[in-house]
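Working notes, beginning with the structure itself.
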Amino acid sequence: MGLARATLTAHLARRPLPTAPAVPGALLKRGAFVTITARGALRGCIGHIAADRELASVVSEMTVAAAQDDPRFPPVEPDELPDLALEISVLSEAAPVVPPVDAGRIVAGRDGVIVRRGRNVGLLLPQVAREHHWGPEALLAATCRKAGLPPEAWREPGTELFTFQADVFGETRETGKGKGEP
């Protein structure tokens, strides 16, 4: 969390980005998403799925990308910084769901979902289902829609489905500190 916050602060001030901390977790090869919220509302969320780069590098890069490259929002401005909270979702390896696909094999709130058909790909993090009070079928339908596919596409041949889990770390807006930190 410290690296993500320091990266966002440096990026918005147009200063050099910080180097990775010397902690073992920073060197793990993992995918991750960085979510930025402003007063509880989504302000940017971008991630890297593959576990092919060191986590510190992914967190730093995705923090900047969430602040400036999420096509749903204008780039974050420096005056917004006091109102922003960060959340990092460190992803497990995605596991294919072998056909026949049954929604009962998905645990909404625990599993994140990736739906892919051809060039269409949609991903929803595990916490999205919890936040929206979705069951497995609603989660699958929403992921299909995010991929630009019909809601029932997850049931159709040619659609690939993957699940993953995430370790989620976040800040509270009031303090800018990690949840549970003094």
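Please pick out the residue among ALA65, ALA26 that is surrounded by 13 or more Cβ atoms within 10 Å (Cβ to Cβ), assigned to a helix (DSSP H, G or I) and modelled with pLDDT under 95.
Just a single option satisfies the conditions, and that option is ALA26.
List pairs: first residue in the range 84-95 and more than 12 Å from MET62 (Cα to Cα), second residue among the acidic types (Asp, Glu) anywhere in the structure, Cβ distance under 8 angstrom, at least six positions apart or on different chains.
Close Cβ pairs (under 8 Å, with a partner that is among the acidic types (Asp, Glu)) amount to ALA85/GLU171.
Testing LEU84 on (1) over 17 Å from the mean Cα position of the chain (by Cα); (2) assigned by TED's automatic domain parsing to the domain that holds GLU54; (3) surrounded by 18 or more Cβ atoms within 10 Å (Cβ to Cβ); (4) not basic (Lys, Arg), one condition comes back false. Which one is that?
(1)
Which residues, taken from the range 36-47, are in contact with a Ser or Thr (Cβ under 9 Å, 6 or more places away or on another chain) and either surrounded by fewer than 18 Cβ atoms within 10 Å (Cβ to Cβ) or over 16 Å from GLY2 (Cβ atoms) (or both)?
Once the filter is applied, which keeps residues that are in contact with a Ser or Thr (Cβ under 9 Å, 6 or more places away or on another chain) and either surrounded by fewer than 18 Cβ atoms within 10 Å (Cβ to Cβ) or over 16 Å from GLY2 (Cβ atoms) (or both), the range 36-47 yields LEU42, ARG43, GLY44, CYS45, ILE46, GLY47.
Inspect the range 147-169 for any residue being among the hydroxyl-bearing types (Ser, Thr, Tyr), modelled with pLDDT of 95 or more and more than 24 Å from SER57 (Cα to Cα) and give the result as yes or no.
Looking for residues that are among the hydroxyl-bearing types (Ser, Thr, Tyr), modelled with pLDDT of 95 or more and more than 24 Å from SER57 (Cα to Cα), one finds at least one in the range 147-169, hence yes.
Given (1) in contact with a helix residue (DSSP H, G or I) (Cβ under 8 Å, 6 or more places away or on another chain); (2) assigned by TED's automatic domain parsing to the domain that holds GLU137, where does ARG43 come up short, assuming only one miss?
(2)
Take LEU140 and decide whether it is in contact with a strand residue (DSSP E or B) (Cβ under 7 Å, 6 or more places away or on another chain), surrounded by 15 or more Cβ atoms within 10 Å (Cβ to Cβ) and in a loop (DSSP other than H, G, I, E, B).
Criteria not met by LEU140.
The values are calculated or read from the model by the stated rules, or taken from the named source; none is laboratory data. Since we're looking at a predicted model, the values are computed, not measured. Backbone-built Cβ (ideal geometry, glycine too); neighbour counts: all protein chains shown.
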